[in-house]
1. Could you tell me which numbered condition residue 158 fails, if it satisfies all but one of (1) buried (at least 18 other Cβ atoms within 10 Å of the Cβ); (2) touching a residue at least 24 places away in the same chain (Cβ under 8 Å)?
2. Condition test on residue 281, is it over 29 Å from residue 129 (Cβ atoms), open to solvent by less than 50 Å² (accessible area, probe 1.4 Å) and either under 21 Å from the mean Cα position of the chain (by Cα) or among the acidic types (Asp, Glu) (or both)?
3. Go through the range 206-228 and count every residue that is open to solvent by less than 40 Å² (accessible area, probe 1.4 Å) and either of a type in the set (Asp, Glu) or not in a loop (DSSP other than H, G, I, E, B) (or both).
4. Residue 324 - would you say it is out of contact with any strand residue (DSSP E or B) (no Cβ under 8 Å at 6 or more places or on another chain) and either of a type outside the set (A, V, I, L, M) or touching a residue at least 40 places away in the same chain (Cβ under 8 Å) (or both)?
5. Could we say that residue 315 is among the small types (Gly, Ala, Ser), under 22 Å from the mean Cα position of the chain (by Cα) and over 28 Å from residue 160 (Cβ atoms) here?
6. I need the full set of residues from the range 94-149 which are closer than 19 Å to residue 263 by Cα, out of contact with any strand residue (DSSP E or B) (no Cβ under 8 Å at 6 or more places or on another chain) and of a type in the set (Gly, Ala, Ser), in order please.
7. Of these, 93, 97, 88, 79, which one is open to solvent by less than 50 Å² (accessible area, probe 1.4 Å) and under 23 Å from residue 150 (Cβ atoms)?
Amino acid sequence: MIAGCFGLAFALPVVGQVPPQTATIEWKLSTALGPAYPQGKAGEIWGELIRERSGGRLSVKLFPGATLAQRDPAREFAALRDGAIDLAVGSAAVWAAQVKELNVIALPWLVPDREALDALLQGDVAARLSASVQTAGVVPLAWASDGFRELATQRGVHLPPDLDGLKVRVAVSPLLLDSLLALGASPESMSAARALAAQRAGTLDGEEVSIAAYRTSRLYATGLTHLLIWGAHADALLFAINRGVWDRLSDADRDLVRQAARDAAVQASALSRKQSDDVALAELAGQGATVTRLTPSGKERFREASRAAYDRWAAVVGEDLVHAAEEAAAVRR
């Protein structure tokens with residue numbers, strides 16, 4: 001196994017005994033991003049593993065771009081819960097709009113590095129988050145680390161005051177919006193097409209984005225040539241299945257689908273790590289990007305500047321869960 005990469009599977013209660021499925025079944029699997037990104041690749045791998053291990057009896061069709069949820073990632077969790085989607089690999093930061101506890105992963109500067117994120121996604125914190133997801137009506141199967149959202153801008157950002165008034169695109173997440181507002185920026189959630197048009201019109205100054213997305217989308221070629229590795233908001237991928245679909249499966253098929261999710265999570269974590277390691281950053285620098293990594297003291301300045309947002313969202317998530325996450329991530333505040 002690749003160090004630091006993992007998928008965490010969960011034992012789930014059996015709801016009645018269902019005879020083994022014998023007919024071919026086709027499921028719809030949703031991801032907000034395509035296979036060029038770790039999230040989309042995770043969905044593709046999960047579907048392939050299910051098909052291969054079932055001998056083709058269980059078939060999965062991938063629908064990237066949140067096309068089953070009106071192309072809106074914020075609607076994906078509800079569509080999965082209500083049955084328009086059978087399987088999904090979603091962003092914890094985005095799905096947190098429906099499951100408030102998931103916001104704990106993206107609390108600003110809670111998680112110091114990938115190793116701490118891996119630790120957070122194991123043990124008690126992950127189990128409690130999974131219980132919250134189940135309560136919200138969806139069955140969780142595995143977690144994967146998806147790294148951090150970094151800051152891409154037209155001009156360099158080194159200190160909190162450098163963000164004053166900057167128009168920054170962020171994911172569909174009230175927590176991320178609030179964090180950037182606390183730092184003095186003017187954040188907004190928008191589609192990729194709208195963001196590109198805004199950049200060309202000179203009305204968008206930056207974007208909070210994963211390194212993988214920055215590379216794949218070639219944002220450095222659109223004017224966002226400065227990439228600040230600031231580690232503000234961590235994210236995780238959640239592999240989940242519609243409750244009704246899960247309840248109709250035999251025990252053997254549940255084991256198959258759950259193990260396939262776990263194995264796909266390991267590969268997704270490895271891909272996310274590879275696309276954001278030092279080699280990847282060096283390649284970006286060679287393509288014209290100016291890459292800057294915040295020092296621990298530099299992160300502390302931003303952390304303190306965003307303290308008000310952290311405290312507000314810690315209250316939303318629940319102080320007990322936040323404390324457990326702080327301990328798991330080895331953060332002392």
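The values are calculated or read from the model by the stated rules, or taken from the named source; none is laboratory data. This one's a predicted model, so the numbers in the text were calculated from it and none came from an experiment. Quick reminder, even Gly has a Cβ in these numbers, built from the backbone with ideal geometry, and neighbours come from all protein chains shown. SASA here: full protein model, heavy atoms, side chains in, ligands and nucleic acids out. Shrake-Rupley method; radii C 1.70, N 1.55, O 1.52, S 1.80 Å.
1. Among (1) buried (at least 18 other Cβ atoms within 10 Å of the Cβ); (2) touching a residue at least 24 places away in the same chain (Cβ under 8 Å), residue 158 violates only (1).
2. So residue 281 passes the test.
3. The qualifying residues number 12.
4. So residue 324 passes the test.
5. No, not satisfied.
6. 119, 123, 127
7. 93
Listed here are the residues, each with its yes/no results for (1) in a strand (DSSP E or B); (2) farther than 22 Å from residue 317 by Cα; (3) at pLDDT 95 or above; (4) acidic (Asp, Glu).
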position	(1), (2), (3), (4)
134	no, no, yes, no
177	no, no, yes, no
180	no, no, yes, no
193	no, yes, no, no
197	no, yes, no, no
204	no, yes, no, no
230	yes, yes, yes, no
